[in-house]
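This is the structure I have questions about; it appears just below.
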Amino acid sequence: MKNYDPQPTIKGFINEYNSQITIWCPECKTWHTHGEGNGNRASHCLMQESKYNTNLGYRIESYTKADLLKFKQGILKLILTDKEKEMLNFNEGGFE
Ligand SMILES: [Zn+2]
């Protein structure tokens, strides 16, 4: 097992019950779900040589509300039709 310093940090989504946190792993391209809250975790990575499979595991920090609002803007930009964007006063910068 590799020994990295500093410990890698990865951002995650807290579930609706505030009981689990889920990260998208860029190494093995799957979701890894852990117990509640931010902090240090043993990696669930499926790739033996993953940068997260260290003696320290990884540190998970939940996405902030500002992070999530950016995702929301990007998702709405992709899924709304032009007519819906017009009706909702949605433009490239978001809602007016
Ligand atoms: Zn992984």
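Report yes if some residue within region 21-39 is away from the ligand (no atom under 14 Å from the Cβ) and modelled with pLDDT of 95 or more; otherwise report no. Working first, answer last.
In the first step, residues of region 21-39 are kept if they are away from the ligand (no atom under 14 Å from the Cβ); the result is 21, 35-39.
Pick out the ones that are also modelled with pLDDT of 95 or more and you get 21.
Yes, that holds for at least one residue.
Checking the condition surrounded by 15 or more Cβ atoms within 10 Å (Cβ to Cβ), away from the ligand (no atom under 16 Å from the Cβ) and charged (D, E, K, R), which residue from LYS85, LYS72 passes? Working first, answer last.
On the way: LYS72 fails: surrounded by 15 or more Cβ atoms within 10 Å (Cβ to Cβ).
Residue meeting the stated conditions: LYS85.
Going through region 1-52 one residue at a time, which ones are of a type in the set (Gly, Ala, Ser) and surrounded by 11 or more Cβ atoms within 10 Å (Cβ to Cβ)? Break it down into steps so the answer makes sense when it comes.
At the first step, the residues of region 1-52 found to be of a type in the set (Gly, Ala, Ser) are 12, 19, 35, 37, 39, 42-43, 50.
Answer for region 1-52, where residues must be of a type in the set (Gly, Ala, Ser) and surrounded by 11 or more Cβ atoms within 10 Å (Cβ to Cβ): GLY12, GLY37, GLY39, ALA42, SER43, SER50.
Inside region 36-73, can you point out the residues that are without any contact (Cβ under 8 Å) to a residue 40 or more places away in the chain, over 20 Å from SER19 (Cβ atoms) and outside any loop (DSSP other than H, G, I, E, B)?
ALA66, LEU69, LYS70, PHE71, LYS72, GLN73
The values are calculated or read from the model by the stated rules, or taken from the named source; none is laboratory data. This structure is a prediction, so every number in the text was calculated from the model and none was measured. With ideal geometry, Cβ positions are generated from the backbone for all residues, glycine too; neighbour counts draw on all protein chains shown.
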